[in-house]
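These notes are about the structure you will find just below.
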Amino acid sequence: MSTARLVGRMIRRAQEARKSADANLSTGLFNLACISAYQFVQLTIRARIIERTGAEPRARGIAGLLRALGEATGQEEKIEKFLEERKEELAFFEELYGRSRRDPASCTHEEAERFVMIADRIVGFVEEVVEEAGPV
């Protein structure tokens, strides 16, 4: 499969995960909303790294993936600034994701809504970084 085709497929899957997060929120499946929103973020970042490098990143966690994106786009400083400014949000994001995977009843509606909002913020930032980096 070509890189462009793989990236397009990953972006479509990411968008489906985002829609799934909304559907899960509206039906009270809060842990699944968090898992879907995490997938949305992870797939988007991975797709943008592959788009730039042609290779699957080995990084783990959202911060690691963002750093790999920074390297792939030459935007390391911007990424580090975002990570520092959003440190508490990202800690909440990773902690709630882990909790949602371990214990389905551990996530409240308010937490899930906040989680999805953070996911949207991260993906918006990722797209901004990619746009600023210019064409591949």
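The values are calculated or read from the model by the stated rules, or taken from the named source; none is laboratory data. Source: prediction; values computed, not measured. Glycine also receives a Cβ, built like all others from the backbone with ideal geometry; neighbour counts cover every protein chain displayed. Side chains included, ligands, DNA and RNA excluded: accessible areas come from the protein's heavy atoms. Shrake-Rupley method; radii C 1.70, N 1.55, O 1.52, S 1.80 Å.
Remarks
- C-alpha long axis of helix 61-73 to longest principal axis of the chain, angle in °: 20 degrees
- For the chain, the mean residue ellipticity at 222 nm estimated from helices alone is -28000 deg cm²/dmol, where every DSSP H run of n ≥ 4 contributes -39500 (n - 2.57) and the total is divided by all residues, rounded to the nearest 500.
- Size of charge dipole - region 32-108 - debye, nearest 20, with Cβ of Lys, Arg +1 and Asp, Glu -1, no other charges: 280 debye
- Between the helical axis of 30-53 and the longest alpha-carbon principal axis of the chain there is an angle of about 0 degrees.
- Across the chain, the mean sequence separation of Cα contacts (distance under 8 Å, 6 or more residues apart), normalised by length, yields a relative contact order of 29 percent.
- Residue-by-residue Karplus 3J(HN,Hα) for region 9-22, coefficients 6.51, -1.76, 1.60, Hz, glycine and proline x: 5, 5, 5, 4, 5, 4, 5, 5, 5, 5, 5, 4, 4, 4
- J(HN,Hα) series, region 112-125, from Karplus relation 6.51 cos²θ - 1.76 cosθ + 1.60, nearest Hz, glycine and proline x: 5, 4, 4, 4, 5, 4, 5, 4, 4, 5, 5, 5, x, 5
- Accessible-area composition of the chain, carbon plus sulfur, in percent [1.4 Å probe]: 48 percent
- Computed from backbone phi, the HN-Hα couplings of region 77-84 come to 5, 4, 5, 4, 5, 4, 4, 5 Hz, rounded to whole numbers (Karplus: 6.51 cos²θ - 1.76 cosθ + 1.60, θ = phi - 60°; Gly and Pro given as x).
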